[in-house]
Each structure stands twice: as C-alpha cells, then as structure tokens.
1. Failed condition for SER320, given (1) over 19 Å from ARG269 (Cβ atoms); (2) in a helix (DSSP H, G or I); (3) free of Cβ contacts under 8 Å to residues at least 40 places away in the same chain, with all others met?
2. So HIS286 passes all but one of these: (1) open to solvent by 30 Å² or more (accessible area, probe 1.4 Å); (2) at pLDDT below 70; (3) at positive phi. Which condition number does it fail?
3. Kindly check whether there is at least one residue in the range 291-299 that is open to solvent by 20 Å² or more (accessible area, probe 1.4 Å), under 20 Å from ARG344 (Cβ atoms), of a type in the set (Lys, Arg) and assigned to a helix (DSSP H, G or I).
4. Using the structure shown, decide if GLY102 is more than 16 Å from ILE170 (Cβ to Cβ) and open to solvent by 10 Å² or more (accessible area, probe 1.4 Å).
5. Are there any pairs, at least 6 apart or on different chains, whose C-beta atoms fall under 6 Å, with the first in the range 21-48 and part of a loop (DSSP other than H, G, I, E, B) and the second surrounded by fewer than 17 Cβ atoms within 10 Å (Cβ to Cβ) and among the aliphatic types (A, V, I, L, M), and if so, which?
6. Among the numbered criteria (1) open to solvent by 50 Å² or more (accessible area, probe 1.4 Å); (2) touching a residue at least 12 places away in the same chain (Cβ under 8 Å); (3) not in a loop (DSSP other than H, G, I, E, B), which one does VAL91 miss?
7. Restricting to the range 13-30, name every residue that is in contact with a Ser or Thr (Cβ under 8 Å, 6 or more places away or on another chain) and either within 18 Å of ALA161 (Cα to Cα) or of a type in the set (Lys, Arg) (or both).
8. How many of the residues in the range 224-252 are at pLDDT below 80 and crowded, with 17+ Cβ neighbours inside 10 Å?
Amino acid sequence: MSIETVSVIIPAYKPDEKLLHTLSELVRTGFTDILVVDDGSGAAFEAVFEKVKAIPQCTLLRHGVNRGKGAALKTAFAYFLDNRPDSAGVVTADADGQHLAGDIAAVSERMLSGGHIVLGVRDFSGAHVPSRSRRGNRITIAVFRLFFGMKISDTQTGLRAFPRSVMAEIAQAKGERYEFETQMLFLMSQRKIPFDEVPIETVYLEENRSSHFRVVRDSVRIYSLILGYLLSSVAAAVVDALAFFLFKSVHFLGFLPIPLTWSAAILARIISSLTNFLINAKLVFHGKADKGTLIRYYILAVAQITVSTALVYFAERLFSVTAPWLSTLIKAAVDTVLFFLSFRIQHKWVFNR
C-alpha cells in the first residue's frame, strides 16, 4: 500500500500561511486525502480556509466554536471511520509548519509496513530547541518511565500515524484539548497497544510562538491522571490519620479482644482504603467501582503491605539495622518504589475496563 491510502488529519486554530504551505507540500509528496479541521478560528481566518477548500485533495471540517485540539482530532477520526472505508489509516500533523511533508510520509509508510501506531520523534538536544520544550519533554519522558513503564523518546509529538484497526479504541481516550494526545499514550499503555518510533526533523519556527499551548492550564490537564493519583493517596493518608485519632479518642472499641491501638489502626485503614478506592475508581482511572474491581484492589493492597513489610524486615536483618529512624528511612524508600508500581498495576489491571 502507498501513502495514497492514508488520510492526513490537521487540526487548525487561527492558522496562517504556514498551513497552506504544508498542504501544498503534502499534495506534492503524494497524499490525496487531507482532512483539515477548523476548530472555531472565527471570521478573521475565513480567507485561509477558503484557500483550503479550493485544494481538491482537502476536506474541510468545522467547529462553530473553539473546542480544543483533542475535540478536533476526534471529529476527524469519526469522519474518517464513517467516510473512508477503504483507507488504511490516518496520520495526524500540526498546522504550524513544524511537521515536514517528508516526515509525515515516512511515519505513514512505517505504519503501513508495520501495522502499528507510529510516533514521529524529535531530537531535543539541538541548540535551536526552545528551553521550555526541552525541559517539558524531559519531564514527561521521566514521568512515563516511572508511572507507566513506557520508553518514549518524544511524548509531546503531534505527528502520529494510526492504523484503522486501532482508531475506534484510541478515540475513546479522555480529553478535548492538548491532554487528549497524552491520554492516547496512557490508553496505549493500559491496553498494551504496540507502537514504533521514527526520527523526524526538529523544526521550531519563531521560538514556537505560534503555539496555542497554555503552560499552566494545559499542563494540569495533561498530568491530571497522575496528579489525581497523588492527591488520592494524600487524601487517603489524611483520612487514615483522622480516623485513627477518632477511634483512639472515643474509646468505644474496648469490647474488641485486641488492643485499642490495633483495632483503631485496622478500622482506620479499612476506611481510608475504601476512600482511596472510590476516588481512584471514579475520578482518577475512571473505572467501575464494582465487586470485581474492589476484589482486585484489595488483592493489590494486601500484596503491597506484605511486600513492604517483608522487604523492610529482610533489609533490617541483612544490614543489622536497629535504629528506628533508619528502619523508617528503609520503609520510606521501599514504599516509594511500591507507590509507582502500584500506580502501574491499578492503571493496567485493577481499573482497566
């Protein structure tokens, strides 16, 4: 199959002449189906989109108001699945001229030959790369390795090719704006969808001033899954401490045949773990809070406590540790590692629908 069987998707919000240059280069390279999504750019940009409509290889899809890059991609995905039954897949590219036609073709060809999702990855070591982009990519690479166990060279790339077979599943990813592209990667990790990488040119025009990325707001959206997990863990710890204090204070557990401290600690942990489960199920991983999920959650919780205790015990024996403060440091180190591992297991097993 050739790139003529691949549809190019370009979300566009308030584009300039760089979009038209990209389109002409794509046509010259051999692409015959280009879906451009006007994401509510407004009347001031009508002249640009009139030129887009005049290109025979282009189909213009429109949002009445700005809904975000993720919404634009989903609109194009739905249109492709409904109207391009004989096409092999799609490749997404940006409208600001940062993706060269040759690279878009290379990513598409790798997708056609391998049958996997393909990411076009950039080299961030060059001096011309804006420091904001370099730092952002390094942080997200580390986050993906720690939390998801995914080795990705460029987590922020907008140049991605998707075979038709995975598009309906990928479109289920959460988010309407820039976070949708990150949520795609989260979903690929959860569903164990394979992907390839193809090196592409690293192009930054005018220090990337044309980007509509809002650093604080969009970063919060992108990291919402991980931030939610962290906040859920903190909330559970607070609930655990408050419940323990309450049970120790009211003294109504004296009828139990175990010491008050033990009974208060056990009941507090039950309440805090249920709190953590419900928050993770409803707000973090968006899974089902049903019986099966609850059983998997507590299997993981018991295993985590057992492994933590065992590792601390053996470390104390191996290194002859007697000082309480040193045992506490060992436990903190062990629990930190298990914290990241627990996230992966909850993401891929406990709350995976």
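The values are calculated or read from the model by the stated rules, or taken from the named source; none is laboratory data. Please read all numbers here as calculations on a predicted model, not as lab measurements. Glycine gets a Cβ as well: all are built from the backbone with ideal geometry, and neighbour counts include every protein chain shown. Each accessible area value is taken on the protein alone, full model and side chains, heavy atoms only, with ligands, DNA and RNA left out. Shrake-Rupley method; radii C 1.70, N 1.55, O 1.52, S 1.80 Å.
1. (2)
2. Just one mismatch for HIS286, condition (2).
3. The answer is yes; a qualifying residue exists.
4. Values: more than 16 Å from ILE170 (Cβ to Cβ): yes; open to solvent by 10 Å² or more (accessible area, probe 1.4 Å): yes.
When the stated conditions are applied, GLY102 passes them.
5. GLY40/VAL65
6. With (1) open to solvent by 50 Å² or more (accessible area, probe 1.4 Å); (2) touching a residue at least 12 places away in the same chain (Cβ under 8 Å); (3) not in a loop (DSSP other than H, G, I, E, B) applied to VAL91, the lone miss is (1).
7. Taking the range 13-30 as the starting set, the residues that turn out to be in contact with a Ser or Thr (Cβ under 8 Å, 6 or more places away or on another chain) are 13-16, 18, 30.
Those that are in contact with a Ser or Thr (Cβ under 8 Å, 6 or more places away or on another chain) and either within 18 Å of ALA161 (Cα to Cα) or of a type in the set (Lys, Arg) (or both): LYS14, LYS18, GLY30.
8. The total comes to 5.
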